[in-house]
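Please read the structure below before turning to the comments.
The values are calculated or read from the model by the stated rules, or taken from the named source; none is laboratory data. This structure is a prediction, so every number in the text was calculated from the model and none was measured. In this analysis, Cβ positions are derived from the backbone assuming ideal geometry, glycine residues included, and neighbour counts consider all displayed protein chains.
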Amino acid sequence: MAGSAVRAALPALPREGARHAVLKAYNQSPGRSVLHSTLHDSVKLPSRPRRHDAGVRQELRRSQPIHAIRAAMPETITAPFAGIDPLSAVTHPDPYPYYRELAATRPFFRDPRLGLWVAAGPREVAAVLSHPDCRVRPATQPVPPTLAGTAAGDLFGRLIRMNDGAAHAPLKALLMPMLAAVEAGHAARQAAAMAQVLDAGDGAHAAMPAASVNRWLFALPVVTVASVLGLPVAHKPGMAVEVAQQVAAFAAAQSPLADADTVRAGAAAARWLGTWLASSLASGVAADGPLPALQHAAQAAGIEAQAVAANIIGVLVQACEATAALAGNTLLWLGRHPAQGDTPLEAVVTRVAQADPPVQNTRRFVAANTRLCGHAVRAGDTVLVLLAAASCSGLAHDGRAWTFGHGRHACPGDRLAQALAGATVAALRARGADPAALAQAFRYRPSLNARIPHFL
């Protein structure tokens with residue numbers, strides 16, 4: 001395959017030192033919305049805000065004074081769990097005893113050092129995600145400040161998953177059933193075909209190197225979703241890799257911690273994706289795919305074409321990091337349990353989605369003074385929703401893994417995501433990836449919400 005091109009499609013791995021100081025401070029900012037698909041946290045982080053990072057400085061100032069930021073460094077909530085907090089748990093080697101302790105003893109509490117409310121118990125998590133005053137974005141900040149006025153910001157502002165309210169309900173009512181209707185078997189077949197496109201018929205390898213595994217974890221789910229939608233990603237040499245590159249660039253720019261170059265690249269990617277999609281919708285979409293019906297229904301409902309296009313791109317972005325995390329964690333499970341190698345892959349992925357969730361938390365912003373889980377909360381407060389802690393108690397009442405959310409912003413593509421993860425793992429193993437070897441050398445990519453292994 002075109003290794004250098006696909007390598008460019010994979011976001012740069014952030015430095016650990018940057019995460020400790022910058023991410024802790026920024027966590028308190030109302031400008032940071034942790035997406036359920038979690039797409040933003042793999043961008044390269046600066047060790048400190050640079051001169052051109054005005055948006056970052058503004059976010060840090062808005063959160064609280066520097067002495068309070070220093071006070072927000074990790075503290076023990078209970079003695080046995082030194083060195084772990086609700087944020088650092090995401091990339092901790094084994095956060096689940098800590099999550100279980102929180103869910104059992106502190107299901108909903110205010111963490112004064114982090115400046116957040118924390119929901120950990122399953123009932124509390126469900127209550128927050130279902131509360132009408134708990135929104136996916138701050139009321140005064142529908143678009144991250146670093147993206148405002150750019151093509152990336154325009155695209156972001158049209159995403160239904162990042163909006164509440166009636167204006168986006170008609171498109172949501174069309175898009176969610178479309179994603180839920182994708183059959184797992186069809187997605188798996190498309191993934192197998194797109195894997196052949198990515199490796200250009202290179203066939204199986206004696207041993208797939210870790211670097212290639214990391215690239216494929218991010219690229220294959222994205223181009224498979226594009227193919228499932230009927231978009232022309234395999235019609236021209238290199239098109240699949242180019243699409244993966246542009247999706248990754250747009251995703252990276254969504255972080256307010258992105259530097260000026262990353263934001264510019266994301267804006268360019270948003271323009272490229274918009275042009276490519278418009279051309280595809282005009283001439284190259286599969287007639288038997290779901291997009292023609294979506295376009296027709298949206299037009300009949302009076303939904304603007306730009307909103308439809310933005311959310312088609314949004315579906316591709318959602319397939320990026322969260323699915324990479326689920327596939328990567330599935331590889332780890334297989335590597336750690338070699339005696340259960342005959343377990344059907346579908347069952348393994350389902351188990352991993354609950355036991356080692358790809359998306360560990362999400363966030364909600366309180367829009368009005370109200371009561372939540374027996375506590376008075378105020379407009380402007382932020383609630384960190386620990387999906388992984390709720391997951392320790394089992395599945396949600398609807399039978400789905402908590403990692404896929406709950407309530408009005410629950411992920412409609414949970415079955416599709418699991419099918420993509422399974423197909424990605426199957427494709428990697430067919431090309432010589434060895435889960436046992438991969439599990440011996442890895443670390444988690446620094447992230448606020450997604451548990452993504454990076455193999456070494």
Within the stretch 259-302, count every residue that is at pLDDT 95 or above and polar (S, T, N, Q). 1
Qualifying residues in the stretch 340-373 (those that are over 24 Å from the mean Cα position of the chain (by Cα) and assigned to a loop (DSSP other than H, G, I, E, B)) - the one nearest to ALA89 (Cα to Cα): CYS373
Residues that are assigned to a loop (DSSP other than H, G, I, E, B), touching a helix residue (DSSP H, G or I) at 6+ places or on another chain (Cβ under 8 Å) and within 27 Å of ILE160 (Cα to Cα): does the stretch 99-118 have at least one? no
ALA184 versus (1) crowded, with 21+ Cβ neighbours inside 10 Å; (2) under 21 Å from the mean Cα position of the chain (by Cα): which is the lone unmet condition? (1)
For THR403, state whether it is crowded, with 24+ Cβ neighbours inside 10 Å, under 22 Å from LEU175 (Cβ atoms) and of a type outside the set (A, V, I, L, M, F, W, C). yes
Scanning the stretch 300-337 residue by residue, those of a type in the set (D, E, K, R) and either in contact with a Lys or Arg (Cβ under 6 Å, 6 or more places away or on another chain) or in a helix (DSSP H, G or I) (or both) turn out to be GLU321, ARG336
Looking at ALA421, ALA376, which is the one that is in a strand (DSSP E or B) and over 17 Å from GLY121 (Cα atoms)? ALA376
Identify the residue in the stretch 426-454 that is within 23 Å of the chain's Cα centre (by Cα) and within 15 Å of LEU220 (Cβ to Cβ) and, among all such residues, is modelled with the lowest pLDDT. ILE452
Would you mind telling me which numbered condition in (1) surrounded by fewer than 21 Cβ atoms within 10 Å (Cβ to Cβ); (2) under 15 Å from PHE108 (Cβ atoms) LEU395 fails? (2)
Can you name the condition, by its number, that ALA226 falls short on among (1) under 18 Å from GLY432 (Cα atoms); (2) crowded, with 24+ Cβ neighbours inside 10 Å? (1)
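Filter the stretch 397-454 down to the residues that are hydrophobic (A, V, I, L, M, F, W, C) and over 25 Å from THR362 (Cα atoms) and list them by number.
If we filter the stretch 397-454 for residues that are hydrophobic (A, V, I, L, M, F, W, C), which is where we start, we get 401-402, 404, 410-411, 416-417, 419-421, 423, 425-428, 430, 433, 436-439, 441-442, 448, 450, 452.
Once the filter is applied, which keeps residues that are hydrophobic (A, V, I, L, M, F, W, C) and over 25 Å from THR362 (Cα atoms), the stretch 397-454 yields ALA423, VAL425, ALA426, ALA427, LEU428, ALA430, ALA433, ALA436, ALA437, LEU438, ALA439, ALA441.
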Scan of the stretch 438-454 for residues that are in a strand (DSSP E or B), buried (at least 22 other Cβ atoms within 10 Å of the Cβ) and of a type outside the set (Gly, Ala, Ser), ordered by number: PRO453
Here is a check on your reading of the model: is GLY432 surrounded by fewer than 24 Cβ atoms within 10 Å (Cβ to Cβ), in contact with a His (Cβ under 6 Å, 6 or more places away or on another chain), among the small types (Gly, Ala, Ser) and closer than 19 Å to PRO86 by Cβ? no
In the stretch 119-165, how many are assigned to a loop (DSSP other than H, G, I, E, B), basic (Lys, Arg) and either within 15 Å of GLY374 (Cα to Cα) or over 22 Å from the mean Cα position of the chain (by Cα) (or both)? 0
Test of understanding: among ALA355, ALA376, which residue is within 22 Å of VAL425 (Cα to Cα), surrounded by fewer than 22 Cβ atoms within 10 Å (Cβ to Cβ) and modelled with pLDDT of 95 or more? ALA355
Among the residues listed as ALA270, ALA219, the single one being under 26 Å from PHE455 (Cα atoms), touching a residue at least 60 places away in the same chain (Cβ under 8 Å) and within 19 Å of the chain's Cα centre (by Cα): ALA219
Scan the stretch 246-261 for residues that are surrounded by 22 or more Cβ atoms within 10 Å (Cβ to Cβ) and assigned to a helix (DSSP H, G or I) and jot them down. GLN246, VAL247, ALA248, ALA249, PHE250, ALA251, ALA252, ALA253
Could you check, for the stretch 308-321, whether at least one of its residues is over 20 Å from LYS172 (Cα atoms) and aliphatic (A, V, I, L, M)? no
Boolean, THR105 is of a type outside the set (Gly, Ala, Ser) and at pLDDT below 50: no
Residues of the stretch 229-242 that turn out to be closer than 24 Å to GLN295 by Cβ and either surrounded by fewer than 24 Cβ atoms within 10 Å (Cβ to Cβ) or touching a Cys at 6+ places or on another chain (Cβ under 9 Å) (or both), as a count: 8
Enumerate the pairs (first residue in the stretch 104-117 and at positive phi and small (Gly, Ala, Ser); second residue anywhere and assigned to a loop (DSSP other than H, G, I, E, B) and surrounded by 20 or more Cβ atoms within 10 Å (Cβ to Cβ)) with beta-carbon separation below 7 Å, excluding pairs fewer than 6 apart on the same chain, so at least 6 apart or on different chains. GLY115/GLN28; GLY115/ALA72
Apart from one, (1) touching a Lys or Arg at 6+ places or on another chain (Cβ under 6 Å); (2) free of Cβ contacts under 8 Å to residues at least 12 places away in the same chain all hold for VAL128; the odd one out is (2)
Across the stretch 242-268, what is the number of residues that are small (Gly, Ala, Ser) and closer than 20 Å to LEU217 by Cα? 6
Among (1) surrounded by fewer than 19 Cβ atoms within 10 Å (Cβ to Cβ); (2) among the aliphatic types (A, V, I, L, M); (3) in a helix (DSSP H, G or I) - the single one LEU277 does not satisfy: (1)
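Please work out which residue is modelled with the lowest pLDDT, limiting yourself to the stretch 231-245 and to residues that are of a type in the set (A, V, I, L, M, F, W, C) and assigned to a loop (DSSP other than H, G, I, E, B).
The residue in question is ALA234.
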